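For reference, the structure is listed below as structure tokens.
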Amino acid sequence: LDEINKIKNLHLSGKILVNEDLVFERPVKIAPGTEFLVFPNKNIIFKDKLFADGSEQNPIFFKKFKDRDTIDTNWGTVAILGEKTSGSSINYTNFIGGSGGKHRQFRFTSMFSIHNSKDIIISNSNFGENSLYDDVIHVVYSDNISEGVVTPDKPTFTASNWNDDQTITITGQDDTDE
């Protein structure tokens, strides 16, 4: 991974087996159709800009690695960590089977975490089968969180729909700051 991080911009595609924590310290662009098959309790940390540009026909997946010898345990987290990640974008990306995790001094309480960043755009993406923690997306120490409108503002989960997908849309709003 040290050699990979020497490359100015990293482009990822295809099937990627994640059997150890991955930490990317350079900008990363993920191609449509890329699949991250993540082993139990493993994390993927981005410390520079991330451009996950899936498409409707070819979304990007972060999902459990499964084979007959692997215990069916959820993977850890995908984290966008630090000021250099500001301006990252995630489009048509599916996060399935994460749970949260630890990396060095950081504890992540969701399958998708944003720490100390701003202006992250997430669109047309799905999050599901989270376990261990109750957060699916966790944002902490990040700016501009009040510049979006969440619809619906309070999703409703009942005994009959708790396991059904629900769409929550976050729409960015122009701020009045110059």
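The values are calculated or read from the model by the stated rules, or taken from the named source; none is laboratory data. Because the structure is predicted, anything quoted here is derived from the model rather than measured. Here Cβ is always computed from backbone atoms with ideal geometry, including for glycine, and neighbour counts include all displayed protein chains. Areas reflect the complete protein model, heavy atoms only, side chains present, ligands, DNA and RNA absent. Shrake-Rupley method; radii C 1.70, N 1.55, O 1.52, S 1.80 Å.
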In debye, nearest 20: dipole of segment 32-106 around its Cα centre with unit charges on the Cβ of K, R (+) and D, E (-)? 320
Phi angles of segment 55-62, converted by Karplus (6.51 cos²θ - 1.76 cosθ + 1.60, θ = phi - 60°) into ³J(HN,Hα) in whole Hz with x for Gly and Pro, give 9, 4, 7, 9, x, 8, 10, 10
Phi to ³J(HN,Hα) by Karplus 6.51 cos²θ - 1.76 cosθ + 1.60 over segment 93-104, Hz, x for Gly, Pro: 10, 10, 10, 10, x, x, 8, x, x, 10, 8, 6
As a test of reading the structure, rank Ser160, Ser117, Ser123 by solvent-accessible area (1.4 Å probe, protein chains only), most first. Ser160, Ser123, Ser117
With 22 Å as the limit, write out which pairs from Lys29/Lys84; Lys63/Lys84; Lys8/Lys47; Lys42/Lys66; Lys15/Lys118; Lys15/Lys64 have Cα-Cα distances beyond it, or answer none. Lys63/Lys84; Lys15/Lys118
For Ser55 and Thr109, what does the FRET efficiency come to when R0 = 41 Å and r is the distance between their Cβ atoms, rounded to the nearest 0.05? 0.85
Rank these residues by their accessible area, most exposed first, probe 1.4 Å: Thr158, Thr85. Thr158, Thr85
Would you mind calculating the gained length between Asp164 and Ser123 on full extension (0.36 nm times residue separation, minus the Cα-Cα distance), in nm to one decimal? 12.8 nm
Förster radius 22 Å - calculated FRET efficiency between Lys29 and Glu83, Cβ distance, rounded to 0.05: 0.70
